[in-house]
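One structure is given here, and the rest of the page talks about it.
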Amino acid sequence: MKILFAENELDLGISIYRDLLQEKYIVDWVQDGVSAWNYLDSQYNQYILSILNWELPGLTGLELCKRLRNQQSSLLVLILVKPDRWEDGVLSLDAGADDYLMKPFRREELLARLRALRRRFPQFQSLQLRFGNLTLDCDSQTLFWQSVKCGQRSVQLSKKEFQLLEYFMKHPYKAASHGQILNYLYEVKAERTSNVVAAQIRRLRRKLLDLGCENVIQTLPGGNYRLNPDYAD
């Protein structure tokens, strides 16, 4: 799950950024409203949720929220407001924000708010994704394969293997380009080698072979990838 996090208070930003990474979110962190909008407005960034500080320089969190809603964006928005500024929280909700959180707050409260917001998003209402006899448990990052011959087998996935298969299983019949996968798996500012997607595909295919599943991920003309429709039966 990819998050756009916009916070200009450095110490708080570092703390929240680390907490989000620890919870296995993919996070792009920016420190001003103009950069936040450039990230949000890009067709290549597939964010599910945004955390926006009210007092961002350039464009405020409120202004960003209004821009998103004016574009009919369904992106989940959580706005962080100053202590005792409940009025800003009300204005945020009226502008289309899904929730607000007043500073200072505990780590556990922020993460609980994010889990609550995720439950509003249809793709995240289930903790398991299924494609044919393949089941991906999102909580444990474990992949299960059920077959008549061998019964049920399972394999533990690494963080990137899980995120890659999660992407495919959420878009099971769509061809994914190198760029789409890259932008889903990595932060915008992350260092990326030219063969990183192919390397992640190879690692995931090895895990699938460990379960006895061959050719689950197809390579299509043009270097695109998708799940093999034969496994959906």
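What the table below lists for this structure:
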{"item": "Number of positions in the range 13-48 that are farther than 20 Å from residue 64 by Cα, modelled with pLDDT of 85 or more and surrounded by fewer than 17 Cβ atoms within 10 Å (Cβ to Cβ)", "result": "7"}
{"item": "Residue 53 vs. criteria touching a residue at least 40 places away in the same chain (Cβ under 8 Å) and under 21 Å from residue 91 (Cα atoms)", "result": "yes"}
{"item": "Close pairs (7 angstrom Cβ cut-off, 6 or more residues apart or separate chains): on the phi > 0 side of the Ramachandran plot in the range 207-233, hydrophobic (A, V, I, L, M, F, W, C) anywhere", "result": "212/145; 212/150"}
{"item": "Single residue of the range 92-130 satisfying the filter (touching an Asp or Glu at 6+ places or on another chain (Cβ under 6 Å) and at pLDDT below 85) that is surrounded by the fewest Cβ atoms within 10 Å (Cβ to Cβ)", "result": "127"}
{"item": "Any pair with Cβ under 6 angstrom, 6 or more apart, that starts in the range 7-34 at a residue that is more than 19 Å from residue 106 (Cα to Cα) and charged (D, E, K, R) and ends at one that is modelled with pLDDT under 95 and outside any loop (DSSP other than H, G, I, E, B)", "result": "28/4; 28/39"}
{"item": "So residue 3, is it of a type outside the set (Lys, Arg), in a strand (DSSP E or B), modelled with pLDDT of 90 or more and surrounded by 17 or more Cβ atoms within 10 Å (Cβ to Cβ)", "result": "yes"}
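The values are calculated or read from the model by the stated rules, or taken from the named source; none is laboratory data. Nothing here was measured: the structure is a model prediction, and the numbers come from that model. Positions of Cβ are generated from backbone atoms using ideal geometry, with glycine treated the same way; all protein chains shown enter the neighbour counts.
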